[in-house]
Amino acid sequence: MVLQNKIPQASAKRLPLYYRFINNLHIQGKTRVSSKELSEAVKVDPATIRRDFSYFGALGKKGYGYNVEHLLSFFRKTLDHDELTEVALIGVGNLGTAFLHYNFMKNNNTKIVKAFDAEPSKVGFDIGGIPVLHIDELEEKMQGIHVAILTVPSSEAEGITERLVNTGVSGILNFTPARITVPDNIRVHHIDLAVELQALVYFLKHYPLDEEGKKE
Ligand code: ATP
């Protein structure tokens, strides 16, 4: 299979999702998969899957589906050839420490490579194999890193964001409850775990699911 020159962004975004599922099928010893099965597992409609796979150069056979091994080697090759995106983490508290240990090991193309903190007792150590540097060194040590995870207290979020913007980051994954302001050319994804959890609890109380998993 040959990767077509221009895969639409939306299809390319689903590559890791497909890869994870196909890899699981392979581990279970399955040799083929239909677009319907794939669709149910990854929650993408079968027509989109067929279109995506045709961009990837994979054509399923009627009544057979897709060959798992072929797909797997295609996804491995394509995703492994992707450059590794190095990520910095700012704020090595409880959440930050957990991320350093977790470090997205199951993603092959993103990795936290350094962390920063203001607390002298945390600086100079490795956590999960990742060095913790002093925040004063941010501007100097962010060279070549364009993605940052923010796990500082919310009172610090805006100030740190400004400094990150000046270092030339292009993306920030913001885990603080603070809403941060950035120029238009910088992408911020905001994940507030407390809000998500509260929303889930609220929905459980006020929008109970019926047996089929649909809203009443
Ligand atoms: P802990 O119990 O380890 O303090 P926490 O998650 O409850 O964890 P927070 O007060 O949320 O702690 O702070 C998160 C981390 O951000 C801490 O390690 C703290 O030292 C660090 N931190 C605070 N201010 C800054 C700053 N300006 N720059 C970098 N790191 C900072």
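Per the listing V132, V152, the residue uniquely within 13 Å of the ligand (Cβ to nearest atom), in contact with an Asp or Glu (Cβ under 7 Å, 6 or more places away or on another chain) and either within 25 Å of H190 (Cα to Cα) or open to solvent by 20 Å² or more (accessible area, probe 1.4 Å) (or both) is V132.
Please indicate, with yes or no, whether at least one residue in the stretch 72-89 is at pLDDT 95 or above, open to solvent by less than 70 Å² (accessible area, probe 1.4 Å) and within 15 Å of the ligand (Cβ to nearest atom).
Step one: of the stretch 72-89, the residues at pLDDT 95 or above are 87-89.
Retained after the next criterion (residues that are open to solvent by less than 70 Å² (accessible area, probe 1.4 Å)): 87-89.
From what is left, the residues that are within 15 Å of the ligand (Cβ to nearest atom) are 88-89.
Yes.
Return yes when F104 is under 18 Å from the mean Cα position of the chain (by Cα), of a type outside the set (S, T, Y) and within 15 Å of the ligand (Cβ to nearest atom) and no when it is not. No; evaluated as a whole, the condition is false for this residue.
Considering only the stretch 90-100, I want to know if a residue exists there that is more than 9 Å from the ligand (Cβ to nearest atom), under 27 Å from R14 (Cα atoms) and open to solvent by 80 Å² or more (accessible area, probe 1.4 Å). Steps first, answer last, please.
First pass over the stretch 90-100, keeping only residues more than 9 Å from the ligand (Cβ to nearest atom): 98-100.
Add one more test, that the residue is under 27 Å from R14 (Cα atoms), and what stays is 98-100.
Going one step further and asking which of them are open to solvent by 80 Å² or more (accessible area, probe 1.4 Å), we end up with none.
There is no residue in the stretch 90-100 that is more than 9 Å from the ligand (Cβ to nearest atom), under 27 Å from R14 (Cα atoms) and open to solvent by 80 Å² or more (accessible area, probe 1.4 Å).
Out of the helices (runs of 4 or more DSSP H) lying entirely within the stretch 1-70, which hold 3 or more residues that are farther than 23 Å from N109 by Cα and touching a helix residue (DSSP H, G or I) at 6+ places or on another chain (Cβ under 7 Å)? Break it down into steps so the answer makes sense when it comes.
Numbers: elements: 9-27, 35-42, 46-55.
In the stretch 1-70, 35-42 are the helices (runs of 4 or more DSSP H) which contain 3 or more residues that are farther than 23 Å from N109 by Cα and touching a helix residue (DSSP H, G or I) at 6+ places or on another chain (Cβ under 7 Å).
Okay, residues lined up against (1) surrounded by 12 or more Cβ atoms within 10 Å (Cβ to Cβ); (2) part of a helix (DSSP H, G or I); (3) within 11 Å of the ligand (Cβ to nearest atom); (4) at positive phi:
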position: I112; (1), (2), (3), (4): yes, no, no, no
position: K122; (1), (2), (3), (4): yes, no, yes, no
position: L138; (1), (2), (3), (4): yes, yes, yes, no
position: Q143; (1), (2), (3), (4): no, no, no, no
position: I160; (1), (2), (3), (4): yes, yes, yes, no
position: N166; (1), (2), (3), (4): no, yes, no, no
position: P177; (1), (2), (3), (4): yes, no, yes, no
position: N185; (1), (2), (3), (4): no, no, no, no
position: Q198; (1), (2), (3), (4): no, yes, no, no
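The values are calculated or read from the model by the stated rules, or taken from the named source; none is laboratory data. Note that this is a predicted model, so its numbers are computed, not measured. Glycine gets a Cβ as well: all are built from the backbone with ideal geometry, and neighbour counts include every protein chain shown. Please note that ligands, DNA and RNA were not included when accessible areas were found on the heavy atoms of the full protein model with its side chains. Shrake-Rupley method; radii C 1.70, N 1.55, O 1.52, S 1.80 Å.
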